Amino acid sequence: MILDNENKNNKVKSGLYIVSTPIGNLRDITLRGIDILRKSDYILCEDTRVSRNLLDKYKIKSKLISNHKFNEKKNLSKIIEILKSDCIVSLISDAGTPAVSDPGAILVNECLTNKIDIFPIPGASAVSAAISISGFSEKYFFYGFFPQKKNKLKKDFEKLSNIDSSIVFFISPRKFNKCIKDLKHYFSGRKILICREMTKFYEEYIRGEIENLEPFKSDPKGELTIVISENIKKKNTSIVLNESDKKNIEKMIKKLSIKDITDLINQNSNVPKKEIYNYCLKLKNEK
């Protein structure tokens, strides 16, 4: 069943709408996102000057309220009062999905406390966009922005280095240059994808090994989205069966099925399953 928060008259329910906006290219907004913003009584903007570029492009005339990390707590009572008067209020950030490494979580929790309906309007996300082109594990841990304090960063890196999945960070180019030594120390043996200016005219994607990282010679504009690969385990790097594997298979061939043997050997080596299976089959036929 598809649920719709609009009735047959296309009337939008009152409440708070978390609307994703483009991370660069202004055409990367959904049709529903545009519709909700047009029907909003108020739009909460991280930076009204930045938001105006998007809103003007799509002729959205809703009233704007500045709502950023320095005033979101101060705004709470005013916004909750507006929402309680059955208004439609949308929350947007400068780019991407609000409340994800951007202002919004405080308001969402206050709405929950006051039993005010909250609706997500999904769309662009730097995190999923970077993961989708990384070629790394689809299982990922999103960290967000690097902390300011060096000691905190090292402690977090130490914990994150034990996670065997892709890891996504946001960071400025200048800070990235300062963290290269720590990245090499804690994530040695992994691959990295550096995304700059995603979806924009000068978008750039830099791929390589952590060990080969070099600082930017000049600070590029904007934030970077960094994806570090899962831990690349160096078990048995051979793509053919070695003598030890063959002896183990010979011991198991009378007790286990070919499938079970193939799975067991494959767990501890990079030898293709087909190679293992064919060797098992060969032994079986020789018996």
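The values are calculated or read from the model by the stated rules, or taken from the named source; none is laboratory data. Because the structure is predicted, anything quoted here is derived from the model rather than measured. Methodologically, a virtual Cβ is constructed for each residue, glycine included, from the backbone with ideal geometry; neighbour enumeration extends over all protein chains shown.
Structure above, values below:
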item	result
Any hit, the stretch 71-94, residues being out of contact with any His (no Cβ under 7 Å at 6 or more places or on another chain), under 27 Å from Thr225 (Cβ atoms) and without any contact (Cβ under 8 Å) to a residue 60 or more places away in the chain	yes
Every residue from the stretch 30-88 that is within 22 Å of Ala105 (Cα to Cα) and aromatic (Phe, Trp, Tyr)	Tyr42, Phe70
The stretch 43-61 - residue that is of a type in the set (Ser, Thr, Tyr) and over 23 Å from the mean Cα position of the chain (by Cα) and, of those, surrounded by the fewest Cβ atoms within 10 Å (Cβ to Cβ)	Tyr58
Hey, Phe187 touching a helix residue (DSSP H, G or I) at 6+ places or on another chain (Cβ under 9 Å), within 25 Å of Ser101 (Cα to Cα) and either in the same structural domain as Ile133 (by TED's automatic domain parsing) or among the hydroxyl-bearing types (Ser, Thr, Tyr) (or both) or not	yes
Residue tally, condition outside any helix (DSSP H, G or I), touching a strand residue (DSSP E or B) at 6+ places or on another chain (Cβ under 8 Å) and hydroxyl-bearing (Ser, Thr, Tyr), over the stretch 121-177	7
Residues located in the stretch 40-91, provided they are of a type outside the set (Gly, Ala, Ser) and in a strand (DSSP E or B)	Tyr42, Ile43, Leu44, Cys45, Lys63, Leu64, Ile65, Ile88, Val89, Leu91
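Yes/no per residue for (1) free of Cβ contacts under 8 Å to residues at least 40 places away in the same chain; (2) in contact with a helix residue (DSSP H, G or I) (Cβ under 8 Å, 6 or more places away or on another chain):
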{"site": "Phe145", "(1), (2)": "no, no"}
{"site": "Lys154", "(1), (2)": "yes, yes"}
{"site": "Lys159", "(1), (2)": "yes, no"}
{"site": "Ser165", "(1), (2)": "no, no"}
{"site": "Arg174", "(1), (2)": "no, no"}
